[in-house]
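The values are calculated or read from the model by the stated rules, or taken from the named source; none is laboratory data. Keep in mind that this is a model prediction, so the values were computed, not measured. Cβ: placed from backbone, ideal geometry, glycine included. Neighbour counts: every protein chain shown. In case anyone asks, the SASA skips ligands and DNA or RNA and just uses the protein heavy atoms, side chains included. Shrake-Rupley method; radii C 1.70, N 1.55, O 1.52, S 1.80 Å.
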Amino acid sequence: MKQLTFLLISLVLLLTFTMCQQPNGNDQDEVAQKIDSLIDLMTLEEKIGQLTLYTSDMDQTGAFIRKEYESDIKQGKVGAIFNAYGADYTRRLQEMAVNNSRLRIPLLFGYDVIHGHRTIFPVPLAEAASWNLEAIENSARVAAEEASAEGLHWTFAPMADIARDPRWGRIVEGAGEDPYLGALIAAARVKGFQGDDLADLNTLAACVKHFAAYGASQAGRDYHSVDMSELMLREVYLPPYKAAVEAGAATAMTSFNDLNGVPATSNHFLLTELLRDEWGFEGFVVTDYTSIMELLYHGVAADTAHAAELSLKAGVDMDMQAGIFQQSLTKLVSEKRIQETIIDQAVSRILKIKFELGLFDDPYRYSYKEREKNNIMRPDQLEAARDMARKSIVLLRNEKNTLPISNEVKTIALIGPMGSNQRDLFGSWSAAGDWTKAVSLAQGLKSRFPDTKIIVEEGCSIEGNDKSGFRAAEKAAKQADFVILALGEAYWMSGEAASRSELSLPGVQQELAELIIETGKPVASVIMSGRPLTINWLAENSPALIQAWFLGTQSGNALADILSGDYNPSAKLPVTFPRNVGQIPIYYSMKNTGRPFDENNKYTSKYLDVSNEPLYPFGFGLSYTSFHYDKLTLSQQSYKMNDSIQVSVEVSNTGRVAGEEIVQLYVRDPVASMTRPVRELKAFDRIWLEPGSSKIIKFRLHPNQLGFYVSGKKYITEPGKFSIFVGGNSNASLETGFDLK
Ligand code: BGC
């Protein structure tokens, strides 16, 4: 009997593998059949194994796998491992699974490849400031090339959480506040990671996260509750996740928060009704970290078995790190609290991705030393990171053309804790990046200005009260013809579990800035941070001001490109900058209210102590040249529901250097059956203009882009008047309008 079973298993496996090797063997039905036959062979324990994801660890001696996980891997009780990378290491773990487990099912290796793997690109929020979808897609492409060459199959990205609260540290991981821009960027990232075919060796399976509405955590406090109307959810928070699903994201991750009283990890509405039934998602759903276990703390599960039951029934397929499926599912099946078929379904979704990645073809195909050697930090990858970085830098102020730094400058003083800093340049999540390989601003300046004297003075550290370096910093400033103040947050001050209730520059950096600017020297302040900071004083007093975010490996070179004028800044803020924390949440697409702001009327919607205006609006960013907008024209004055609405505008470069402008189109529906935002971004374009030249930019809108949700998934476009605004930021004043009949 035993022999017969063995023969049968071998036959099915042989068939499975050979079918995979056929050129067009990945035909959907064929794969489904292979999966079914494999599932038929699996014990319940082996099935649960496929639903289990465990971490690899790291100590002084390097990467290692816990003894208990090693034994589980050998017994086929683990389907996937995360935080393990490197051709040799992943090969070793894969051998553990393939050479020991009964069914030889390969492991899936996942990792947080968020903005680069070895070559670290700008943090996602910074990349979003480029509004450059091709560059963002390419950034994900390079990350996938590097990571897949180190044995990885799967990245926990993109993060598609809309964030309108900069107190929330994870704002750094997303694309900012806007659903339209956020959706395009989420899709671009999925395409970049996954390429055209998951079977290609240089791709990664993407994981859209954190589903859903994690970015709306109350008061910006991480992991906090979210309570919002379904209309708001559908209109603002869901579009980026949906776009990632439509772009083919292979997997999705639940979020830690509860949404309207139901934790995301046990939320049937989110994980099944929306994601699968409405959007047709066919990949698998993984929990975020130990979020199944957290159902106990949320207070919806009485014990771990209950938590497992709730999450599996809601639509979770894979348990990250909690080990609760492993502990509880057998019991739940035997008690008939869950049916084995639901487990089979989850297994089948997971195996499908393993098939698509070609792991049944060759479980080691991503773990080759040779590929690893040739695909990491190549000059072209470093160049792509530099280009992405300079496209992400936002020029916020440039009084009297303080920047770019003129070639006449003999001495530059580089002052502040970020000047020769390398440690903080990667920001949150740095995968396998080595910060000692990051180009600091000091290094970037030295290679760009080899004949200029560059005095570097830290002045103070990022945190703390020590002002003992102030005197030397002041002296350096006085000796220089130009001063760069390099200020900001430490890398760990944004990201997960890094919410802040104050958003000013940490420590005594502001005081240092005041002292240096007081010298009257031309000063450019460069802010490195993972979120908008309340930099009002600098916005008024620093002759030039740059938002540099965290730019990754090529930080210093990219900043030198901008500061020297070799590259003309073009980035625009993907998120509103508040004046103070009290204004938060602040975003451009707010509602008008019944008492819109009126300076002369106390009883209108405003504060007593701060204006309603942000420090910098969404979409804002300057260039070394200037752009003029004119001749905003519509193809007709009135349109029918099936018409295409054609908008054109003339943009001219009125300055002295060539530059790129991001032309933005906003719409307002002034009268509707429900209150509508005062503006919504509906289109944008990037154009390059030589000085003195003009271009006509054309946009096409379809009336179905002008609608809104009225209840549940019911979305309508109402006839009536619409206003269009076009310009270089969300305060664009050029306006026209049309009737929709
Ligand atoms: C984070 C996820 C991440 C996961 C795995 C969690 O703590 O919330 O974004 O993908 O860890 O590292």
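Quick look at the values:
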| quantity | calculated |
| --- | --- |
| Compactness relative to 2.2 N^0.38 Å, alpha carbon Rg of the chain | 1.00 |
| Normalised alpha carbon radius of gyration of the stretch 627-740 [divisor 2.2 N^0.38 Å] | 1.15 |
| Estimated D of the stretch 33-171 in µm² per second, where Rh is the Kirkwood radius over Cα pairs and Stokes-Einstein applies at 37 °C, 0.692 mPa s | 194 |
| Charge-dipole axis of the stretch 599-741 as Lys and Arg at +1 and Asp and Glu at -1 on Cβ define it, positive-most pick from Ala683, Tyr709, His628 | Tyr709 |
| Alpha-carbon Rg with Dmax, taken over the stretch 285-391, Å | 20.1, 59 |
| Amide H within-cut-off set for Arg679, under 5 Å, with H built and near neighbours excluded | Met590 |
| Where labels lie 7 Å past Cα in the beta-carbon direction, separation of Val581 and Glu370 in nm | 5.7 |
| Kirkwood Rh and Cα Rg combined as Rg over Rh, evaluated for the stretch 382-578 | 0.93 |
| Rounded to 10°, Cα long-axis angle of helix 324-334 versus longest principal axis of the chain | 40 |
| Charge dipole (debye, nearest 20) of the chain; +1 at Cβ of Lys and Arg, -1 at Cβ of Asp and Glu | 720 |
| Inter-part distance where the stretch 517-543 and the stretch 698-741 are each reduced to a Cα centre, Å | 37 |
| Loop trypsin sites (Lys or Arg not before Pro), the stretch 640-713, which have at most 13 other Cβ atoms in a 10 Å radius of their Cβ (DSSP) | Lys640, Arg656, Lys713 |
| With Cα atoms, 0 to 90° folded angle of helix 133-148 axis to the chain main axis | 40 |
| The stretch 36-102: chymotrypsin sites (Phe, Trp or Tyr not before Pro) in DSSP loop, at most 16 other beta carbons within 10 Å | none |
| Loop GluC sites (Glu not before Pro), the stretch 406-511 (other Cβ atoms within 10 Å of the site Cβ: 14 or fewer; DSSP) | Glu408, Glu463, Glu502 |
| Hz values of 3J(HN,Hα) by residue in the stretch 116-125 - Karplus curve (6.51, -1.76, 1.60), Gly and Pro given as x | x, 10, 9, 7, 8, 8, x, 4, x, 5 |
| Amide H within-cut-off set for Phe627, under 5 Å, with H built and near neighbours excluded | Thr654 |
| Per residue value of the accessible surface for the chain (all protein chains in place, 1.4 Å probe), Å² | 38 |
| Of all accessible heavy-atom area on the chain, the percent that carbon and sulfur account for (1.4 Å) | 49 |
| Kirkwood Rh and Cα Rg combined as Rg/Rh, the stretch 166-234 | 1.05 |
| For the stretch 457-568: rounded, prolate or oblate by the Cα gyration tensor [a/c cutoff 1.5] | oblate |
| Calculated P(r) tail over 13 Å for the stretch 64-111, as whole % of Cα pairs | 48 |
| Degrees between helix 28-41 axis and first principal axis of the chain (Cα, 0 to 90, nearest 10) | 50 |
| For the stretch 548-642, the Rg and Dmax computed from alpha carbons only, in angstrom | 19.4, 52 |
| Selected from Val610, Asn138, Gly530, residue furthest toward positive end of dipole (the chain; charges at beta carbon) | Val610 |
